[in-house]
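The values are calculated or read from the model by the stated rules, or taken from the named source; none is laboratory data. Given the structure is predicted, the values throughout are model-derived calculations rather than measurements. So basically every Cβ, Gly included, is an ideal-geometry build from the backbone, and we count neighbours across all protein chains shown.
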Amino acid sequence: MKRLTAAAGVLVLLISISLTCDAQKKSTLKATEGALVDAVTLFDDAQYSKALPMLEAICTVSPSNDAAWYYRGLCEAYLGDSDNAIAHVREASRLDPSNYWYRDRLARLYAGTGQLEAAADIYESLAKDFPKNNEIYYTLVRIYLQLGNSDKLISTVEEIETVSGRDEMTVLTRYDALMRLGRQDEAYSVLEQYNDEFSSARILCAMGDYNIARFRDTLALDNYTEALSYEAGNPQALLGISEVYRYRSDYPNYFASVNSFITGEQVPLDAKSRYMESLFRHTDGAFFRNFKANLDLLVENYVAQAPADTLVGATASSYYYNTGNSAKALETISYTVETNPTHISSRALQIQLLSLMEDWDALDSACEKAWADFPEEPGFLEMKTYADYHKKDYDTLIADCERLIAAAPRDTAVIVRALSTIGDTYYMKGDSRRAFSTYEKALKIDPGNCPILNNYAYYLSLEGRKLKKAYAMSKITIEKEPDNATYLDTFGWILFLQGKALEAKPFFKHAMLYGGKDSIAILDHYAEVLYALKEYDLARVYWNMAKAKNENGEIPDLDARVDKKLKAIDK
């Protein structure tokens, strides 16, 4: 009796323990499922760095949870950790080898990291398991093309035709594969054979593209024209016909056909934009001059398709500016800005155009508005300082630079540029003390900044003081940029002021090779050095060049000073 009671007690205990464990497992499973749902929600919101540690924890607690491994790998892929991404998606696939998406994603990760053989192996196995999924075969075709595996490439195309029959897609895939393998005649015969049985616009356009690439323009024109008989308004056919006419230099027909392409209802807007961009990028100046009226009409028709579209506005505005119609360019991009006030690229293009047109008041206003609308973009306020400078509004220029510094307290590049401008502006205002102290502030942040070092050194040389310091700063600039004519001029001039004209000469000679002849100041300095070395004839040459460029009086005393020196040597 006692033994029976004990046994019964043990049985009760075991049942109790079993029930407790089951409850704990259910509780753990429920918590895991809830955590996984939360992690996937974060993943769907592109919050990968937040989802990842949650998924890592789930994989630790529940290592058999294939979904957790899968989403963990996806998070790592989006965060740029391709090695761990592959390892963890591979683990998900191992846990559930029947899952198509796990294997497909693993293959994509392999392909994305250049492991094409591994990707091909997975897709080959997927093709066996899912033989009616055409997308797998088309993906294999792309991989085999990259691998240059012609045998598998052709056999895969044949497999596609076996699974789904021969149609436009399979024919064009075979054609593309053979073309990439260099089997051009065979590729074209594939199109011809299909076209003999089943004519279609797409096949005829492919034939037209093949023929026009081989200068068989008459045959290409026939292909494209026949394509239009099957599908009026076919974009590829319309564009092909226009290219045939351009190849023949038959410009009346070219512009008529290309206008049909641009105004065609079946032609996607992005295709029209790509064509216009390509046309303007690859067309020479003579074409623009000879056919400006035709091009103007083409652009008008293009804009009429979607006058508020940002890409259309940008393309048309660039065209108008490059063909000398600045007013129309500004009108076009301004309309784009008005209709798309939150499109930052359009705003930037408008500001760039105003700068190129040197409309400083309008630039000032546009920059102020853009800065108000996009306070996180300091570039707009930086462009305003450019307008301030040209308006000679130096006090506002300094104030705007100070606004820049306040708006970007952690952006050292912006701060240094602003301090550099403030220093330059103080010097222009005649306050060298503040100018130099501002340069010192900037150099504490960026000690090797060449523009600041150069300006600081040059201004010291103009005042004839601290020439050793100026020399040391200028030396850094020419070591960093040995072909910069401005920096070479500063360094050479400091040497000259130190009484080292002979040492200065090579730096000026070098500057002449890299744009120095375009600067009145550099020409004048070089002539001074040559004059000091008694190379009077050569000094006269460079002074004459400087005087010829000094029409606006950039160097006010140049003519009087040079005439006086030249008279002295003529006596």
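Would it be correct to say that F215 is at pLDDT 90 or above, surrounded by fewer than 16 Cβ atoms within 10 Å (Cβ to Cβ) and either more than 23 Å from T323 (Cα to Cα) or among the polar types (S, T, N, Q) (or both)? For F215, the condition - at pLDDT 90 or above, surrounded by fewer than 16 Cβ atoms within 10 Å (Cβ to Cβ) and either more than 23 Å from T323 (Cα to Cα) or among the polar types (S, T, N, Q) (or both) - is met. Which numbered condition trips up D557, out of (1) among the charged types (D, E, K, R); (2) buried (at least 17 other Cβ atoms within 10 Å of the Cβ); (3) closer than 20 Å to Y459 by Cβ? Result: D557 fails condition (2) only.
Tell me, which helices (runs of 4 or more DSSP H) lie completely within region 219-301 with 2 or more residues that are farther than 16 Å from Y320 by Cα and β-branched (V, I, T)? Spell out how you get there, then give the answer.
On the way: elements: 235-247, 251-263, 269-282, 285-290.
In region 219-301, 235-247, 251-263 are the helices (runs of 4 or more DSSP H) which contain 2 or more residues that are farther than 16 Å from Y320 by Cα and β-branched (V, I, T).
Looking at this structure, is A470 farther than 19 Å from S420 by Cβ, touching a residue at least 24 places away in the same chain (Cβ under 8 Å) and surrounded by 13 or more Cβ atoms within 10 Å (Cβ to Cβ)?
Details: farther than 19 Å from S420 by Cβ: no; touching a residue at least 24 places away in the same chain (Cβ under 8 Å): yes; surrounded by 13 or more Cβ atoms within 10 Å (Cβ to Cβ): yes.
Here the answer is no, as A470 does not meet what is asked.
Of all the numbered requirements in (1) more than 39 Å from the chain's Cα centre (by Cα); (2) modelled with pLDDT of 80 or more, A201 misses one, and that requirement is (1).
Here's the yes/no breakdown for (1) free of Cβ contacts under 8 Å to residues at least 24 places away in the same chain; (2) of a type outside the set (A, V, I, L, M); (3) out of contact with any strand residue (DSSP E or B) (no Cβ under 8 Å at 6 or more places or on another chain):
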{"position": "A237", "(1), (2), (3)": "no, no, yes"}
{"position": "Y245", "(1), (2), (3)": "yes, yes, yes"}
{"position": "S249", "(1), (2), (3)": "yes, yes, yes"}
{"position": "A256", "(1), (2), (3)": "yes, no, yes"}
{"position": "F261", "(1), (2), (3)": "no, yes, yes"}
{"position": "S273", "(1), (2), (3)": "no, yes, yes"}
{"position": "R281", "(1), (2), (3)": "yes, yes, yes"}
{"position": "D284", "(1), (2), (3)": "yes, yes, yes"}
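Looking only at region 555-571, residues that are assigned to a helix (DSSP H, G or I) and touching a residue at least 24 places away in the same chain (Cβ under 8 Å) come to 5 in all.
Set side by side, the residues N552, N544 differ, and just one is part of a loop (DSSP other than H, G, I, E, B) and free of Cβ contacts under 8 Å to residues at least 60 places away in the same chain, which is N552.
Looking only at residues of region 475-508 that are without any contact (Cβ under 8 Å) to a residue 12 or more places away in the chain and charged (D, E, K, R), we find that the one that is surrounded by the fewest Cβ atoms within 10 Å (Cβ to Cβ) is E479. Quick check on my filter: what residues within region 273-287 are within 15 Å of T315 (Cα to Cα) and over 21 Å from the mean Cα position of the chain (by Cα)? Passing the criteria: only T283.
None of Y48, Y70 is surrounded by 22 or more Cβ atoms within 10 Å (Cβ to Cβ), of a type in the set (S, T, Y) and in contact with a Phe, Trp or Tyr (Cβ under 8 Å, 6 or more places away or on another chain) except Y70. Pairs are defined by a Cβ separation below 7 Å, a sequence spacing of at least 6 or placement on different chains, a first member in region 176-200 that is without any contact (Cβ under 8 Å) to a residue 60 or more places away in the chain, and a second member that is surrounded by 13 or more Cβ atoms within 10 Å (Cβ to Cβ) and charged (D, E, K, R); the pairs so defined are L178/E186; V190/R174; S200/E168. Among the residues of region 398-454, the one identified as under 28 Å from the mean Cα position of the chain (by Cα), farther than 24 Å from T477 by Cβ and buried (at least 20 other Cβ atoms within 10 Å of the Cβ) is L404.
For residues in region 513-535 being under 45 Å from the mean Cα position of the chain (by Cα) and hydrophobic (A, V, I, L, M, F, W, C), which is nearest to K567 (Cα to Cα)? Let's see the steps before the verdict.
Within region 513-535, the first condition is being under 45 Å from the mean Cα position of the chain (by Cα), and the residues that meet it are 513-527.
Right, trim to hydrophobic (A, V, I, L, M, F, W, C) and you get 513, 520-523, 527.
Numbers: L513: 29, I520: 21, A521: 21, I522: 22, L523: 19, A527: 15 Å.
Ranking the candidates gives A527 first.
Over 30 Å from A316 (Cβ atoms) and either surrounded by fewer than 16 Cβ atoms within 10 Å (Cβ to Cβ) or aromatic (F, W, Y) (or both), is that true of D167? Yes, satisfied. Is at least one residue of region 85-94 surrounded by fewer than 21 Cβ atoms within 10 Å (Cβ to Cβ), free of Cβ contacts under 8 Å to residues at least 12 places away in the same chain and charged (D, E, K, R)? Looking for residues that are surrounded by fewer than 21 Cβ atoms within 10 Å (Cβ to Cβ), free of Cβ contacts under 8 Å to residues at least 12 places away in the same chain and charged (D, E, K, R), one finds at least one in region 85-94, hence yes. Among the residues here, Y100 does not qualify as surrounded by 22 or more Cβ atoms within 10 Å (Cβ to Cβ) and under 24 Å from K152 (Cα atoms). Does any residue of region 157-166 turn out to be in a helix (DSSP H, G or I) and modelled with pLDDT of 90 or more? Scanning region 157-166, I find no residue that is in a helix (DSSP H, G or I) and modelled with pLDDT of 90 or more, so the answer is no.
Given L311, L298, which one is surrounded by 18 or more Cβ atoms within 10 Å (Cβ to Cβ), closer than 30 Å to Y230 by Cα and not acidic (D, E)?
Going through L311, L298 in turn, just one is surrounded by 18 or more Cβ atoms within 10 Å (Cβ to Cβ), closer than 30 Å to Y230 by Cα and not acidic (D, E): L298.
So which of T156, T139, T162, T170 is touching an Asp or Glu at 6+ places or on another chain (Cβ under 7 Å) and farther than 30 Å from D250 by Cα?
Working: T156 fails: touching an Asp or Glu at 6+ places or on another chain (Cβ under 7 Å); T139 fails: touching an Asp or Glu at 6+ places or on another chain (Cβ under 7 Å); T162 fails: touching an Asp or Glu at 6+ places or on another chain (Cβ under 7 Å).
So the residue among T156, T139, T162, T170 that is touching an Asp or Glu at 6+ places or on another chain (Cβ under 7 Å) and farther than 30 Å from D250 by Cα is T170.
Of all residues in region 536-555, those being under 48 Å from the mean Cα position of the chain (by Cα) and modelled with pLDDT of 90 or more number 12.
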